[in-house]
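The values are calculated or read from the model by the stated rules, or taken from the named source; none is laboratory data. Worth saying up front: this structure is predicted, and the values here are computed from it rather than measured. Ideal geometry is used to build each Cβ from the backbone, glycine not excepted, and the neighbour counts take in all protein chains shown.
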Amino acid sequence: MTKQQSTHDAIPDERNADVKIYVNGEYFSRNDAKISVFDSGYLVGDGIWEGVRLHEGKFMHLDMHLDRLFQASKAVHMDIGKTREELEAALYEVAKVNDMHSNVHARLMVTRGNKKTPSQDPRLIVGGANIVIIAEHKKANPEVTNKGIRLFTSTVRRGSPDYLDPRLNCHSKLHEVVALIQALEAGKDEALMLDIHGFVSTCNATNFFIIRKGEVWTSTGQYCMNGITRRLVIELCKANDIVVHEKDFSLTDVYDADEAFVTGTFGGLTPVIEVDGRVIGDGVLGEVSMQLQTFYRAMIDASVNH
């Protein structure tokens with residue numbers, strides 16, 4: 001049986017046992033970092049978050065991540081209680097405290113705060129937002145990046161923006177967890193998810209692309225995660241004269257694709273070699289995907305010196 005893997009597979013790093021975790025301005029060891037059981041994120045998933053990569057001493061595309069975080073805070077009417085500049089300073093302070101410089105992934109999480117009793121009601125908040133930053137030494141497993149992953153199409157659909165906008169990076173991820181569980185139980189690595197109309201949308205934790213006759217296709221973006229790496233890959237295609245479409249397409253188009261890949265902050269571009277038992281292309285990293293991987297890595301390196 002083929003070993004199951006993930007786009008979030010990282011090379012084990014023993015330094016992570018001793019990282020200091022930021023909780024509302026204080027630092028704690030892993031075992032001592034705690035949030036109240038009355039926290040609104042724990043009680044009802046009332047929170048927003050960002051995942052950011054530290055590369056050569058610089059958090060990559062931090063402005064885009066903070067734009068997305070503050071857009072989400074407005075959408076859910078949550079007072080973060082800190083400015084962009086204060087959050088940026090906190091992220092770099094976490095890196096300094098942990099003597100981190102590169103191959104680091106930081107998770108910035110904000111919840112509405114603690115409640116005086118278990119409830120959905122935001123009027124029951126006592127005090128301000130809870131802010132947690134977990135930074136870990138995480139280098140993507142090159143075996144996954146080079147060999148690719150296998151997807152299974154879940155029966156769980158990506159929802160409509162009128163009941164939970166899929167563009168929100170929120171703590172309410174149960175539907176994605178259930179989708180991934182279906183894929184794992186089917187013996188695959190991650191889940192491909194359709195939108196409410198049956199078109200291909202995204203994966204449970206990454207954005208999805210296919211390549212047909214040299215053209216790159218991805219979903220319209222209406223029912224998928226507002227992925228920053230997704231956006232950057234679309235920009236890279238346009239900058240390098242690679243035809244790219246944001247459009248509706250079906251599983252029939254996926255099964256017959258020449259190449260496929262997924263994108264995410266942690267893994268960058270990861271090839272997809274199989275979907276629902278159908279081998280994609282030659283079952284290896286394709287030519288256009290390889291070009292885009294090269295362009296993406298060059299862009300990251302250039303960003304450090306910018």
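Scan the range 231-247 residue by residue and report those that are out of contact with any Phe, Trp or Tyr (no Cβ under 8 Å at 6 or more places or on another chain) and crowded, with 18+ Cβ neighbours inside 10 Å.
Listed by number, the residues that qualify are ILE234, CYS237, ILE242.
Out of the range 133-179, which residues are basic (Lys, Arg) and within 26 Å of PHE199 (Cα to Cα)? Before you say what the answer is, go through the steps one by one.
Pass one, the range 133-179, residues basic (Lys, Arg): 138-139, 147, 150, 157-158, 167, 173.
Selection gives ARG150, ARG157, ARG158, ARG167, LYS173.
Any residue at all in the range 283-303 that is of a type in the set (Lys, Arg), surrounded by fewer than 23 Cβ atoms within 10 Å (Cβ to Cβ) and under 18 Å from ASN240 (Cα atoms)? Quick ask: steps written out before the conclusion?
As a first pass, look at the range 283-303 and keep what is of a type in the set (Lys, Arg): 297.
Then drop every residue that is not surrounded by fewer than 23 Cβ atoms within 10 Å (Cβ to Cβ), which leaves 297.
When the remaining residues are screened for being under 18 Å from ASN240 (Cα atoms), the result is 297.
Yes, the conditions are met somewhere in the range 283-303.
From the list LEU108, LEU66, LEU91, LEU54, exactly one residue is under 23 Å from the mean Cα position of the chain (by Cα), closer than 20 Å to LEU174 by Cα and either in contact (Cβ under 8 Å) with a residue 60 or more places away in the chain or surrounded by 19 or more Cβ atoms within 10 Å (Cβ to Cβ) (or both). Which is it? Reasoning before the result, please.
Details: LEU66 fails: closer than 20 Å to LEU174 by Cα; LEU91 fails: closer than 20 Å to LEU174 by Cα; LEU54 fails: closer than 20 Å to LEU174 by Cα.
Only one candidate qualifies: LEU108.
Where residues in the range 172-183 are over 17 Å from the mean Cα position of the chain (by Cα) and surrounded by 15 or more Cβ atoms within 10 Å (Cβ to Cβ), which of them is farthest from GLY45 (Cα to Cα)?
Let us first name the residues in the range 172-183 that are over 17 Å from the mean Cα position of the chain (by Cα), namely 181-183.
Those still in the list that are surrounded by 15 or more Cβ atoms within 10 Å (Cβ to Cβ) too: 182-183.
Details: GLN182: 22, ALA183: 23 Å.
Result: ALA183.
Out of everything in the range 248-267 that is among the aromatic types (Phe, Trp, Tyr) and buried (at least 18 other Cβ atoms within 10 Å of the Cβ), what residue ends up being nearest to HIS8 (Cα to Cα)?
Among them, the one singled out is PHE266.
Identify, please: which residue in the range 1-40 is surrounded by fewer than 14 Cβ atoms within 10 Å (Cβ to Cβ) and of a type in the set (Lys, Arg) and is, among those, farthest from ILE125 (Cα to Cα)?
LYS3
Return a yes/no flag: does the range 241-253 have any residue that is among the aromatic types (Phe, Trp, Tyr) and either more than 30 Å from GLY113 (Cα to Cα) or in contact with a strand residue (DSSP E or B) (Cβ under 9 Å, 6 or more places away or on another chain) (or both). Reasoning before the result, please.
Taking the range 241-253 as the starting set, the residues that turn out to be among the aromatic types (Phe, Trp, Tyr) are 249.
Then keep just the ones that are either more than 30 Å from GLY113 (Cα to Cα) or in contact with a strand residue (DSSP E or B) (Cβ under 9 Å, 6 or more places away or on another chain) (or both); that gives 249.
Yes, the range 241-253 contains a residue that is among the aromatic types (Phe, Trp, Tyr) and either more than 30 Å from GLY113 (Cα to Cα) or in contact with a strand residue (DSSP E or B) (Cβ under 9 Å, 6 or more places away or on another chain) (or both).
Could you list, in sequence order, the residues of the range 127-159 that are assigned to a strand (DSSP E or B) and at pLDDT below 95?
Scanning the range 127-159 gives a single hit, ALA140.
Within the range 1-22, track down each residue that is modelled with pLDDT of 90 or more and either assigned to a loop (DSSP other than H, G, I, E, B) or farther than 14 Å from ASN98 by Cβ (or both).
First, the residues of the range 1-22 that are modelled with pLDDT of 90 or more: 11-22.
Answer for the range 1-22, where residues must be modelled with pLDDT of 90 or more and either assigned to a loop (DSSP other than H, G, I, E, B) or farther than 14 Å from ASN98 by Cβ (or both): ILE11, PRO12, ASP13, VAL19, LYS20.
Can you tell me which of (1) more than 18 Å from the chain's Cα centre (by Cα); (2) not assigned by TED's automatic domain parsing to the domain that holds GLU85 is the one THR7 doesn't meet?
In the conditions (1) more than 18 Å from the chain's Cα centre (by Cα); (2) not assigned by TED's automatic domain parsing to the domain that holds GLU85, THR7 misses (1) alone.
Across the range 160-190, what is the number of residues that are in a loop (DSSP other than H, G, I, E, B) and at pLDDT 95 or above?
Going through the range 160-190 one residue at a time, the tally reaches 4.
So which residues in the range 75-101 are part of a helix (DSSP H, G or I) and under 23 Å from VAL126 (Cβ atoms), if there are any at all?
Keep residues of the range 75-101 that are part of a helix (DSSP H, G or I), which gives 75, 84-97.
GLU86, LEU87, ALA90 - these are the residues of the range 75-101 that are part of a helix (DSSP H, G or I) and under 23 Å from VAL126 (Cβ atoms).
Tell me which residues, restricted to the range 124-162, are charged (D, E, K, R) and within 27 Å of GLY41 (Cβ to Cβ). Steps first, answer last, please.
Start the filter on the range 124-162 by keeping residues that are charged (D, E, K, R), which leaves 136, 138-139, 143, 147, 150, 157-158, 162.
Those that are charged (D, E, K, R) and within 27 Å of GLY41 (Cβ to Cβ): GLU136, LYS138, ARG157, ARG158, ASP162.
In this structure, is THR270 surrounded by 22 or more Cβ atoms within 10 Å (Cβ to Cβ) and either in contact (Cβ under 8 Å) with a residue 12 or more places away in the chain or under 23 Å from the mean Cα position of the chain (by Cα) (or both)? Lay out the reasoning, then the answer.
Values: surrounded by 22 or more Cβ atoms within 10 Å (Cβ to Cβ): yes; either in contact (Cβ under 8 Å) with a residue 12 or more places away in the chain or under 23 Å from the mean Cα position of the chain (by Cα) (or both): yes.
Yes.
Scan the range 31-52 for residues that are part of a strand (DSSP E or B) and of a type in the set (Val, Ile, Thr) and jot them down.
Residues satisfying the conditions are ILE48, VAL52.
Just a yes or no: is a residue in the range 220-236 farther than 25 Å from ILE48 by Cα and touching a helix residue (DSSP H, G or I) at 6+ places or on another chain (Cβ under 7 Å)?
Yes.
I need the strands (runs of 3 or more DSSP E) fully contained in the range 191-306, keeping only those with at least 3 residues that are on the phi > 0 side of the Ramachandran plot and modelled with pLDDT of 95 or more. Don't jump to the end; show me each part of the working.
Working: elements: 200-203, 207-212, 215-218, 244-246, 259-264, 268-275.
Hits in the range 191-306: none.
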